[in-house]
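Reading through the structure tokens given below for one structure.
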Amino acid sequence: MIQQEKYVNIKKALKKELEKERYQHTLSVAFTACSLAMRWGVDLDEAYIAGILHDCAKNIPDEDRVKLCEKWGLPVNKTERKNPTLLHAKMGAYLAKEKYGIRDEKVLLAIESHTTGRPDMSMLEKIIFVADYIEPYRTKAENLTVIRREAFIDLDKAVLRISGDTYRYLLSKTPENIDPMTEEVFRWYQKEVEDR
């Protein structure tokens, strides 16, 4: 269990590093993650710290991301090289561990998978993936009202709708920049929900 003092220090550091809107989003994701954690019986400390740190690498400029990943020994796929903003999730997990001292592998994995998701996510991973999408300051995503309601009724259906909407949106805009994991997650949760 992470101590309250550590939350305060992490929040202070992030407030200095992140742009104002990104910091507000971060706090909102942590709040939403805790709300979902209460609903789904997930540890509140894990949900809060994963939520507060999920975008801790967002302040790193795109032009530095690939070089830093190589320096830190983090794998970079072809899609990430073309669209380095996707790297902020795995970089965030690295910084959460190395800079902020988080050792809980569940929390680190939730940070790492919050952007594209991954097949067969843990409850904590699903909560962070969904909280990032539905937090109160988000207003433009398709089906947002439905997904917000669904997140408290059937978390897998919320993941399916988010991943499906994201996949279809990217397919219509920039199909060459779609991370293969985006489609894989959509197909996996589509089958998971259908097979119930």
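Any read-out appearing in this document is the output of simple, stated calculations on the displayed coordinates, not a laboratory observation. Remember, predicted model here, so these are calculated numbers, not experimental data. Quick reminder, even Gly has a Cβ in these numbers, built from the backbone with ideal geometry, and neighbours come from all protein chains shown.
With +1 on the Cβ of every Lys and Arg and -1 on the Cβ of every Asp and Glu, and nothing else charged, how large is the dipole of the chain about its Cα centre, in debye rounded to the nearest 20? Could you put the intermediate results ahead of the total?
Values: 33 positive and 33 negative charges, 100 e Å.
Once rounded to the nearest 20, the dipole reads 480 debye.
Farthest towards the positive end of the charge dipole of the chain, among the residues 18, 96, 44, is the Cα of 18, using unit charges on the Cβ of Lys, Arg, Asp and Glu. Stretching the chain fully between residue 145 and residue 70 yields a gain of 23.0 nm (0.36 nm per residue, less the alpha carbon separation).
The order of 188, 40, 72, going from fewest to most other C-beta atoms within 10 Å of their C-beta, is 72, 40, 188.
Please state the shape class of segment 4-141: rounded when a/c is under 1.5, otherwise prolate if a/b exceeds b/c and oblate if not, all from the C-alpha gyration tensor.
It comes out rounded by the Cα gyration axes.
Between residue 174 and residue 193, the modelled label-to-label distance comes to 2.5 nm, taking each label 7 Å out from Cα in the direction of the beta carbon.
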